[in-house]
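Working notes, structure below.
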Amino acid sequence: MSARTIQGQKNLQDIRQASKDGIGGSPLRPDGNLKVKGEFAYSSDMWHEDMLWGMALRSPHPRANILSVDISEALKVPGVYAVLTHDDIPGTKYYGLEIQDQPALAIDKVRYHGEAIALVAADHPETARRAVKKIKVEYEVLTPITTEEQCLDPETHGYVHEPHEYKSHGSGNICHSQKLVSGLGVTDEVRAMADVIVKGSYEVGMQDQAFLGPESGLAVPSEDGGVDLYIATQWLHVDRQQMAPVLALPEEKVRLTLAGVGGAFGGREDLSMQIHACLLALHTGKPVKIVYARDESFFGHVHRHPATMTYEHGATRDGKLVFADCRIVLDGGAYASASPAVVGNAASLGHGPYVIPNVRMEAIALYSNNPSCGAMRGFGAVQACFGYESQMDKLAVELGMDPVELRQLNAMAEGDFMPTGQQIDSPAPVAELLQRVKDMPLPPPLDLEHLDVRTLPGALSNTSHGEGIVRGIGYSVGIKNVGFSEGFDDYSTARVRLEVIGGEPVAMVHTAMAEVGQGGVTVHAQIARTELGVEQVTIHPANTEVGSAGSTSASRQTYMTGGAVKLAAEAVRQALIEKGRRRYGWQHRDITLVGGKVVSEGAGVLVPMVDLLGDEAIDLTREHHHRPTVPFDKETGQGFGHVQYTFCANRAVVDVDVELGLVKVVELTAAQDVGKALNPLSVVGQIQGGCTQALGLAVMEEIVVKDGKVRNASFTDYLIPTILDTPPIPVDVLERPDPNAPYGLRGVGEAPTVSATPSIVAAIRNATGLALNRVPVRPEHLTGTL
Amino acid sequence: MRVTFTANGKPVEADDVWEGESLLYVLRERVGLPGSKNACEQGECGSCTVYLDDTPVCSCLVAAGQVQDREVRTVEGLADENGELGLVQQAFVDAGAVQCGFCTPGLLVQTDALLERDPQPSDTDIREALSGNLCRCTGYEKIMDAVRLASARTCERAASE
């Protein structure tokens, strides 16, 4: 190596150190200052002169025929500008993410408690509320179809959607089903190969995303007859795709701009008030704002599917799994939403991160008159994980084995095959993740001498001073797919512009990615810095002027839109270097951009970027497509269905007040392989947040539905974890790169939400010796008073 | 009705206020201070927390008429006149305690009030003080970090003064 080369590399080292805010660093959020100053404009903060307030009338019945709707009294309320029903919809009346089965406003019947029937626009929210109350609806109330038994017997109990209305490929009250058979399936011969068989039935309650920023937005009619909508959503383009036909507008006249999003977790994947606000704005010619109150939010978005599951596992005496037989029934509620994809996940991931030679699986989603269910963080993998991990603990007891060792003995690894026939072709350190959580130091034991009642079950309620409290420890591990599966071309678009501003090279990143809090905007800037060797990056507001970024869901945005930003930035870099080659005749093959300069590893700095760019801006757009997948075979479940897999393991330590049935999670440890942590601070934040939602499902959160009616649509009655309910969450981040993914990264957001719930329930079982086959675990399950 | 009060040190006046309006609504929709957030509007989540005469309250539970001639301080009043972040605000940004940020304004006011009365709270004190402020994104760990950081900086500043 020549002296000149060594000097060149030393120079580059100095320059490189300057860009610590590239990938692998933890620069602060670009929107952080605005958010702490109260100046970040969320969708509910939108304001327009002369704007009206929109509000919906919602059904008090889960199933009824609508005999008449009389809006005349509502129209007479002073300050009311419009009252609309489905008769006023100019275009198609139905929409939906996968199946267009949901009316934008109810037509002749309602299928769930809270279904929107009519809309009001008025000069004040209270005026709108009063007008809504004056709409007279005559119902013929019908008995709701709510149980699996009722759903599967439509001859007796009726149809949620009449057979001739079916817009799905399902039948009866089944929205979607997926079977899977691998190895020999599960037959008597296969059962005979197992020394030990454990069976279990498990239930998961209906969880809510409970994002804090309510559904809201502002629709502004435009002079060209179109509409501009400022909206909190997860996917601008798919919103528009569903909205335009209902509004009878071409897509280019429906322009969406992302407003500030107060959390999402899957609950903004479906439309809520988008069509309603636009209908009112187009009808009145005035800007219309809709902001849901919290109770309306519980009715206005889909929830996590409640599930009933049966599992049977067989193993040899030494603990090797022989077979798994599983049936997962998901209640999809009144409309399809994302149910088909949730079923696909449940069926293909429902055996867990284990090598099982023989599997038989069936997953179905029902249509019912319960609230609609669709996407929520973990998407079909959460319910199953509670089932198969409960089974692993049961099997460990049966075999007299350590529950972690049993899991490790059967853990899948790179090179193994999923029951779908798909080979795991990137690291899958399942056994190691379990070992890591097991090896972490335990919290100090309960010290009755020096206790602080605030740290005990019951906490501030001062219900215990240590009596009746038992500690338990539990483990779990889970598997989740990343990105959209089953043959969906789940691409993302990014536009990157490089130009000189104020004497400095500045990159601008423009995508339609919905920043919902996850920190994608931070990561995009980091990628641009790394690929373009600049410090200054601006993030363009997300809107539909650029191509689709796909959904902020399925743990996919850093992989997909981050990947698109990388491609676009690389293209810009190439274009700039080509410009330099043309101008200066460089022959070096290793030219790159570092620290605001064009450099060669051999020759050092060639030219400052500002000199080469001059007045020209390089502005390029690229699409990022992940590797193709295929749909699962309907009967066998076979197929290369998923883009990437991700794994998280947990250890939970709990204290249980066995007399009062109260649980305090003392510590919840997580170990997760993230491939490459593009922003370690955000990665840890995602894992801790995901674990906490899993804690909520384990011991607190459930939408209680009785005879189709929601009983707890408020934060008074639907409890999410507070800071007192949430324990320290130590996180161990592994980085085993996936060669198929940009930078080797693995989607982060969902895996901990999948895996953490069963560890907490396992810890409660460990403390109490109870079976606990249902989440959330409630006090009455622990005290035997149910 | 007309309501006049002081918001972040400045006199404000809201006209045509309907009697049922909350302080939160008046702040957000009538006087241009949307920083306080509307997550539940029934006093459960703490996102709308503001100081009312130096006491943190849920502004959604305060009727607009109750603030006549009183002093309100919102998240918008935590930064100094030049827009420089206050100590608690900076700690939340630095610690990664902000994700979607919808709970942040309420947590900032509540943390400010906590450190005002106890500059060195224990972890359990922090959890007790913030137990009325829901956050759905972070799992609270980074919020704990932020409050500890703000506490350390508060004590450093006091020591150097």
Residues that are acidic (Asp, Glu) and either in a strand (DSSP E or B) or over 26 Å from the mean Cα position of the chain (by Cα) (or both), drawn from the stretch A:284-327: A:GLU312, A:ASP318, A:ASP325
Positions within the stretch A:266-280 being of a type in the set (S, T, N, Q) and either open to solvent by less than 10 Å² (accessible area, probe 1.4 Å) or in contact with a Ser or Thr (Cβ under 6 Å, 6 or more places away or on another chain) (or both), in sequence order: A:GLN274
Hey, A:ALA264 more than 15 Å from A:GLY225 (Cα to Cα), out of contact with any His (no Cβ under 9 Å at 6 or more places or on another chain) and either more than 14 Å from every other protein chain (Cβ to nearest Cβ) or assigned to a loop (DSSP other than H, G, I, E, B) (or both) or not: yes
The stretch A:124-142, subset under 16 Å from A:ILE71 (Cβ atoms), within 14 Å of chain B (Cβ to nearest Cβ) and in contact (Cβ under 8 Å) with a residue 60 or more places away in the chain, residue least open to solvent (accessible area, probe 1.4 Å): A:ALA128
Scope the stretch A:488-545; condition in a strand (DSSP E or B), charged (D, E, K, R) and under 20 Å from A:ASP611 (Cβ atoms); matching residues: A:ARG497, A:GLU499, A:GLU504
Residue list for the stretch A:383-412, restricted to those being open to solvent by 40 Å² or more (accessible area, probe 1.4 Å) and outside any helix (DSSP H, G or I): A:GLY400, A:MET401, A:ASP402
Selection within the stretch A:669-725 - open to solvent by 30 Å² or more (accessible area, probe 1.4 Å) and in contact with a helix residue (DSSP H, G or I) (Cβ under 6 Å, 6 or more places away or on another chain): A:LYS676
Odd one out for B:GLU44, checked against (1) more than 16 Å from B:SER131 (Cβ to Cβ); (2) among the acidic types (Asp, Glu); (3) open to solvent by 40 Å² or more (accessible area, probe 1.4 Å): (1)
Identity of the residue in the stretch A:514-532, open to solvent by less than 10 Å² (accessible area, probe 1.4 Å) and closer than 29 Å to A:VAL630 by Cβ, that ends up farthest from the chain's Cα centre (by Cα): A:GLY520
Checking A:THR552 against (1) more than 14 Å from chain B (Cβ to nearest Cβ); (2) at pLDDT 95 or above, the condition it does not meet: (1)
Strands (runs of 3 or more DSSP E) wholly inside the stretch A:558-622 that include at least 1 residues being open to solvent by 40 Å² or more (accessible area, probe 1.4 Å): A:597-600, A:604-608
Entirely in the stretch A:24-87, the strands (runs of 3 or more DSSP E) that have 1 or more residues that are within 28 Å of the chain's Cα centre (by Cα): A:52-58
Residue within the stretch A:710-726 that is under 24 Å from B:GLY43 (Cα atoms), more than 14 Å from chain B (Cβ to nearest Cβ) and out of contact with any strand residue (DSSP E or B) (no Cβ under 9 Å at 6 or more places or on another chain) present: yes
Count of the stretch A:739-786 residues which are outside any helix (DSSP H, G or I) and either of a type in the set (Gly, Ala, Ser) or out of contact with any Phe, Trp or Tyr (no Cβ under 9 Å at 6 or more places or on another chain) (or both): 16
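Of all residues being of a type in the set (A, V, I, L, M, F, W, C) and within 24 Å of A:GLY183 (Cα to Cα) in the stretch A:193-216, which is farthest from the other protein chains (Cβ to nearest Cβ)? Just the residue, please.
Per the criteria, the residue is A:MET193.
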Members of the stretch A:413-453 found to be among the aliphatic types (A, V, I, L, M), open to solvent by 50 Å² or more (accessible area, probe 1.4 Å) and modelled with pLDDT under 95, listed by number: A:LEU446, A:LEU448
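If we keep just the residues of the stretch A:250-265 that are farther than 21 Å from A:ASP88 by Cα and open to solvent by 30 Å² or more (accessible area, probe 1.4 Å), which is farthest from the chain's Cα centre (by Cα)?
In this case the residue turns out to be A:GLU252.
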Per-region count, the stretch B:106-143, residues surrounded by fewer than 16 Cβ atoms within 10 Å (Cβ to Cβ), of a type outside the set (Gly, Ala, Ser) and part of a loop (DSSP other than H, G, I, E, B): 3
Search result, residues across the stretch A:694-729 that are in a loop (DSSP other than H, G, I, E, B) and charged (D, E, K, R): A:GLU701, A:GLU702, A:ASP707, A:ARG711, A:ASP717, A:ASP725
Residue list for the stretch B:59-77, restricted to those being part of a loop (DSSP other than H, G, I, E, B) and either away from chain A (no Cβ under 13 Å) or open to solvent by 60 Å² or more (accessible area, probe 1.4 Å) (or both): B:VAL62, B:GLN68, B:ASP69, B:ARG70
Some residue of the stretch A:398-409 being basic (Lys, Arg), more than 25 Å from A:THR692 (Cα to Cα) and either more than 22 Å from the chain's Cα centre (by Cα) or modelled with pLDDT under 95 (or both): no
Failed criterion for B:ALA146 (all others in (1) under 23 Å from B:VAL50 (Cβ atoms); (2) open to solvent by 10 Å² or more (accessible area, probe 1.4 Å) hold): (2)
Residue check, A:LEU620 at negative phi, within 14 Å of chain B (Cβ to nearest Cβ) and of a type in the set (A, V, I, L, M): no
Among the residues listed as B:PRO11, B:PRO34, B:PRO56, the single one being surrounded by fewer than 17 Cβ atoms within 10 Å (Cβ to Cβ) and either touching a strand residue (DSSP E or B) at 6+ places or on another chain (Cβ under 9 Å) or under 21 Å from B:LYS142 (Cβ atoms) (or both): B:PRO11
Close pairs from the stretch B:49-77: first without any contact (Cβ under 8 Å) to a residue 60 or more places away in the chain, partner of a type in the set (Lys, Arg) and open to solvent by 40 Å² or more (accessible area, probe 1.4 Å), Cβ under 6 Å, at least 6 apart: B:ASP53/B:ARG70
Selected residue (only one of A:VAL198, A:VAL204, A:VAL227, A:VAL190 is touching a residue at least 12 places away in the same chain (Cβ under 8 Å) and touching a Ser or Thr at 6+ places or on another chain (Cβ under 9 Å)): A:VAL204
Selection from the stretch B:78-96 of residues that are within 13 Å of B:LEU108 (Cα to Cα), outside any helix (DSSP H, G or I) and in contact (Cβ under 8 Å) with a residue 12 or more places away in the chain: B:LEU78, B:GLY86
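The values are calculated or read from the model by the stated rules, or taken from the named source; none is laboratory data. The model shown is predicted, which means the values in this text are computed figures rather than measured ones. Glycine gets a Cβ as well: all are built from the backbone with ideal geometry, and neighbour counts include every protein chain shown. The area values use the complete protein model at the heavy-atom level, side chains included, leaving out ligands, DNA and RNA. Shrake-Rupley method; radii C 1.70, N 1.55, O 1.52, S 1.80 Å.
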